[in-house]
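*Asks:* Right, I'll just put the structure down here and ask away after.
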Amino acid sequence: MEILDYLRIAVGSEASDLFIVAGGAVSCKIKGQIEAVGDEKIFPQESERLITGLYTAAGRDMSHYLSTGDDDYSFAVKDLARFRVNAYRQRGSMAAVVRVVAFNIPDYKEMNIPEQVIELAGVDHGMILVTGTAGSGKSTTQACIIDRINRTRSCHIITLEDPIEYLHRNQKSIISQREIAIDTENYLTALRACLRQAPDVILLGEMRDHETIRTAMTAAETGHLIIATLHTSGAVNTIDRIIDSFPPTQQAQIRIQLSSVLNTVVSQQLIPSKDGGMVPAYEIMHMNSAIKSLIRDSKSHQIDNAITAGGAEGMITMDQSILNLYKAGHIDSNIALSYSVNPEQLKRRMI
């Protein structure tokens with residue numbers, strides 16, 4: 001089969017990812033389970049042919065991939081879908097994982113994203129962080145928030161992504177989507193430049209180093225809304241990761257700055273559901289005076305208690321979210337406990 005045949009199968013089976021790795025069959029991930037496409041194993045020559053086909057479909061030069069062994073890019077196939085590709089080498093042969101991205105922005109209700117997360121689109125300044133492990137749905141959550149802003153507010157939205165996944169069409173807002181390494185050099189250069197491009201909202205695909213984090217916090221201080229991601233689990237880990245990325249001599253000042261610009265941390269994970277699919281669980285931390293003080297005073301270990309106490313303000317802990325999914329019959333008890341932050345405590349609450 002040709003690469004386009006595999007892509008059509010992936011889209012038709014509602015797969016999230018397509019795997020091309022020599023030594024096994026081409027496979028799809030469907031509802032969290034990996035399933036082979038056919039019975040035939042592919043070998044290095046075949047994987048090279050398929051991955052060369054991906055580059056041809058994308059109209060992209062292979063020189064960077066051939067010289068470094070890694071490459072990230074995205075492309076679209078008319079009347080089919082968009083695809084995000086991570087090409088890499090393994091055991092000396094070419095391999096790739098292809099993420100399937102629908103043309104349309106997904107309906108947040110169908111994705112089980114809580115209304116209080118989408119309502120963050122009404123925030124007009126400060127920093128909103130969407131966090132979680134790879135593949136936890138951060139990009140989809142961000143896209144849904146941006147879509148709500150686009151539909152309801154008159155703004156200039158600039159997205160900095162590596163690579164671009166969801167394509168947004170101008171509605172009430174103007175959206176400029178910039179892809180790292182194609183439209184701009186890197187996140188830091190793009191972020192500094194976009195501050196001169198009259199943005200109201202800046203979506204930052206990832207904060208990878210302390211210079212990018214510092215620039216993002218400065219932008220949030222000057223009246224912009226920054227929506228960014230970090231590969232962390234939970235608000236406490238997120239705050240600690242940001243502060244620890246700076247030299248010790250700067251951390252006290254960063255704590256003060258972060259406590260003043262941070263608006264919300266949304267942490268998410270995808271959990272296997274009883275129907276064979278995946279369902280998201282969310283921790284939501286909104287800033288209040290208590291949490292600001294805990295960040296400034298280096299007492300981030302107490303933030304979980306503040307989130308628990310902040311239910312009336314729209315906050316929820318990850319374990320409470322998981323408990324709600326269990327009580328609603330979406331997940332079974334063993335899965336709930338395996339994904340929880342504090343299994344022993346959650347087990348007592350499930351009785």
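*Asks:* Test of understanding: what is the full-extension gain from residue 338 to residue 67, defined as 0.36 nm times their sequence separation minus their Cα-Cα distance?
*Replies:* 93.5 nm
*Asks:* Taking Cα extents along the principal axes in Å as the quantity of interest, determine which of [x] 96, 44, 31; [y] 65, 51, 41; [z] 59, 55, 42 was computed from the displayed structure.
*Replies:* Computing Cα extents along the principal axes in Å and matching it to [x] 96, 44, 31; [y] 65, 51, 41; [z] 59, 55, 42 gives [z].
*Asks:* Between residue 222 and residue 56, 0.36 nm times their residue separation minus their Cα-Cα distance comes to what?
*Replies:* 55.4 nm
*Asks:* Tell me which residues come under 5 Å, amide H to amide H, from residue 207 once H is placed; ignore anything under 5 positions away on its chain.
*Replies:* The list, which skips near neighbours in sequence, is 229.
*Asks:* Where does the range 88-129 land on Rg(C-alpha)/(2.2 N^0.38 Å)? Don't skip to the answer; put the middle values down first.
*Replies:* Values: Rg = 17.8 Å, N = 42, 2.2 N^0.38 = 9.1 Å.
Taking N as the residue count of the range 88-129, the ratio is 1.96.
*Asks:* Next question, about the same structure. Could you tell me what percent of the DSSP beta bridges with both partners in the chain are antiparallel, to the nearest 5?
*Replies:* Here the share of antiparallel DSSP bridges comes out near 60 percent.
*Asks:* Let me ask you something else. About its Cα centre, what dipole magnitude does the chain give when the only charges are +1 on Lys and Arg Cβ and -1 on Asp and Glu Cβ, stated in debye to the nearest 20?
*Replies:* Numbers: 34 positive and 41 negative charges, 123 e Å.
That gives a dipole near 600 debye.
*Asks:* So, one more: By the scheme Lys and Arg +1, Asp and Glu -1, what is the net charge of all other residues having a beta-carbon under 12 Å from that of residue 254?
*Replies:* Numbers: positive: 214, 241, 255, 296; negative: 240, 244.
Summing Lys and Arg as +1 and Asp and Glu as -1 gives +2.
*Asks:* Now, a different point. Of the trypsin sites (Lys or Arg not before Pro) in the range 154-247, which ones lie in a loop per DSSP and count no more than 11 other C-beta atoms within 10 Å?
*Replies:* 169, 172, 196
*Asks:* Below 21 Å, Cα to Cα, which lysines can residue 327 reach? Residues fewer than 8 away in the same chain don't count.
*Replies:* Within the straight-line cut-off, residue 327 pairs with 109, 274, 347.
*Asks:* Out of residues 5 or more away from residue 101 or on other chains, whose amide H comes under 5 Å of its own, with H placed 1.01 Å from N in the peptide plane?
*Replies:* 82, 83, 84
*Asks:* Across the chain, where is the longest run that never hits GluC sites (Glu not before Pro) in a DSSP loop with at most 12 other C-beta atoms within 10 Å?
*Replies:* On the way: sites that count: 2, 14, 40, 110, 185.
Value returned for the longest uninterrupted segment is 186-351.
*Asks:* Now a separate question. Taking every pair of distinct Cα atoms and averaging 1/r, then inverting, what Kirkwood hydrodynamic radius in Å comes out for the range 1-87?
*Replies:* Taking every pair of different Cα atoms in the range 1-87, averaging 1/r and inverting gives 13.4 Å.
*Asks:* Step through the residues of the range 96-101 one at a time and calculate ³J(HN,Hα) from phi using the Karplus curve (6.51 cos²θ - 1.76 cosθ + 1.60, θ = phi - 60°), rounding each to whole Hz and writing x for Gly and Pro.
*Replies:* With the stated coefficients, the range 96-101 comes to 7, 10, 10, 8, 8, 10 Hz.
*Asks:* Now for a different question. Taking amide H positions as placed 1.01 Å from N in the peptide plane, with prolines and chain starts having none, which residues 5 or more places from residue 181, or on another chain, fall under 5 Å of its amide H?
*Replies:* Under 5 Å from the amide H of residue 181 lie the amide H atoms of 186, each far enough along the sequence or on another chain.
*Asks:* Per residue of the range 21-33, in order, report the coupling 6.51 cos²θ - 1.76 cosθ + 1.60 (Karplus, θ = phi - 60°) as ³J(HN,Hα) in whole Hz, putting x for Gly and Pro.
*Replies:* Here the 3J(HN,Hα) series is 9, 4, x, x, 6, 4, 10, 10, 9, 10, 6, x, 10 Hz.
*Asks:* Please work out the Kirkwood hydrodynamic radius for the range 116-214, using every pair of different C-alpha atoms, and report it in angstroms with one decimal place.
*Replies:* On the way: mean 1/r = 0.0722 Å⁻¹.
13.9 Å is the Kirkwood radius here.
*Asks:* Something else about it: Kindly work out what percent of the DSSP beta bridges joining two residues of the range 115-316 are antiparallel, to the nearest 5.
*Replies:* Counting DSSP beta bridges with both partners in the range 115-316, the antiparallel share is about 30 percent.
Each reported figure results from applying straightforward, stated rules to the coordinates on display, with no laboratory input. None of the values given here were measured: they were computed from a predicted structure. Using ideal geometry, Cβ is built from the backbone for each residue, glycine included, and neighbour counts are taken over all protein chains shown.
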